[in-house]
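Encoded as C-alpha cells, the structure appears first; notes follow it.
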Amino acid sequence: MRKSILLLSLLFFSISCDSLLQLSKQAESMSEPSESEINAGIKEALRVGIEKAIQRGSAENGFYGNPLIRIPFPPEAERAATTLRNLGFGKIVDDFVETLNHGAEQASAKASPIFAEAISTMSLKDVYAIWRGEQDAATQYLKLKTNDQLKAAFKPVIEESLKKVEITKYWSPIASKYNQIPFVTPVNPDLSDYVLQETLDGLYLLLAQEEAKIRKDPAARISLILKRVFGWNKQA
C-alpha cells in the first residue's frame, strides 16, 4: 500500500513538473521579447534575408531566368528596338537583353559588404521601427541606407557588361533621333543608367521576398532568435 502511494506521488510530481515546464515555455513565448532579443533578431533576419537574396540574384541566370526581375529592353524604347530589328540587328537586341541581365547578376554579388555596413550602423530606434513596421520595413531601411553606395559599386560592372555587345554603339544615335520626334516620351541615351536602376529594383524585390518569408513563414525562421522575435510578433 505504501509503495502504491509512493509511486502515485512520484507520478503526480512528474506530471506536475512537466505541466509547469510547459506552462513556463508558453509564458515565455507569449511575453514580449527583450530589447536585446529584438536587436539581435532583426539583425539576424537582415543577414539571413540578404544572404539568400544575393545568392538568388547573383546565381547563373538569377536575373535572366526569373521573370519577376528579368530586365527587358527599355519598355519606353520599343520603337527603337523595332528600328534595330528592321536594320537587321535583331540578334544584337536579343544578345543585349541576355548580356545586361548577366551584368546585373555579376553586380549583385558585390552587395554583401555594403549591406553589412548598413546593419552595423543600425540604431535601436531603427531596429524597433523595422520590428513594428510593414512587411518590407527592413528592405525599405536598406534601400534608404545603401542605394547610393550600391549604385557606385554596380555601375562599373554594368558598364563593362554593356561593352560586350555592339548595341551600345547603335543605341545613342537612335535614342537621340527618337527623342527629337515631337510629343514622344524621351528615352535615356545612357543605357547603363537604365540597367543599373533595374538591377537595384530586382535585388530589393528579392530582399523583400526573403523578408516576407521570415515574417510570415515559421519554416523560414532558421534560428532560435528568429523564432522568438518573429514568432511573438506574429501573435501580437
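The values are calculated or read from the model by the stated rules, or taken from the named source; none is laboratory data. Please read all numbers here as calculations on a predicted model, not as lab measurements. Backbone-built Cβ (ideal geometry, glycine too); neighbour counts: all protein chains shown.
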Restricted to the stretch 71-102 and to residues being out of contact with any Gly (no Cβ under 8 Å at 6 or more places or on another chain) and not in a helix (DSSP H, G or I), the residue surrounded by the fewest Cβ atoms within 10 Å (Cβ to Cβ) is 88
When every residue in the stretch 159-188 that is at pLDDT 80 or above and part of a loop (DSSP other than H, G, I, E, B) is compared, the one surrounded by the most Cβ atoms within 10 Å (Cβ to Cβ) is 180
Per the filter on the stretch 178-219, residues of a type in the set (Gly, Ala, Ser), farther than 21 Å from residue 75 by Cβ and touching a residue at least 40 places away in the same chain (Cβ under 8 Å) are 208, 212
The lone condition residue 80 fails out of (1) of a type outside the set (S, T, N, Q); (2) closer than 30 Å to residue 189 by Cβ; (3) out of contact with any Pro (no Cβ under 8 Å at 6 or more places or on another chain); (4) modelled with pLDDT under 90 is (3)
If we keep only residues of the stretch 200-217 that are modelled with pLDDT under 90 and touching a Phe, Trp or Tyr at 6+ places or on another chain (Cβ under 8 Å), then the residue surrounded by the fewest Cβ atoms within 10 Å (Cβ to Cβ) is 215
Of the residues in the stretch 57-70 that are surrounded by fewer than 21 Cβ atoms within 10 Å (Cβ to Cβ) and in contact with an Asp or Glu (Cβ under 8 Å, 6 or more places away or on another chain), the one that is farthest from residue 205 (Cα to Cα) is 60
Checked the stretch 189-229 for anything of a type in the set (D, E, K, R) and part of a helix (DSSP H, G or I); matches are 193, 198, 201, 210, 211, 213, 215, 216, 227, 228
Per the list (1) surrounded by fewer than 18 Cβ atoms within 10 Å (Cβ to Cβ); (2) in contact with a Gly (Cβ under 8 Å, 6 or more places away or on another chain), residue check on residue 105 breaks on (1)
### Query
Any residue at all in the stretch 63-77 that is farther than 30 Å from residue 133 by Cα and modelled with pLDDT of 90 or more?
yes
query = Looking at residue 38, is it in contact (Cβ under 8 Å) with a residue 60 or more places away in the chain and either of a type outside the set (A, V, I, L, M, F, W, C) or assigned to a helix (DSSP H, G or I) (or both)?
reply = yes
Contact list, first residue from the stretch 47-62 and under 11 Å from residue 106 (Cα atoms) and touching a residue at least 24 places away in the same chain (Cβ under 8 Å), second anywhere and surrounded by 19 or more Cβ atoms within 10 Å (Cβ to Cβ) and of a type in the set (A, V, I, L, M, F, W, C), beta-carbon distance below 6 Å, six or more apart or interchain, is 54/111; 57/203; 57/206
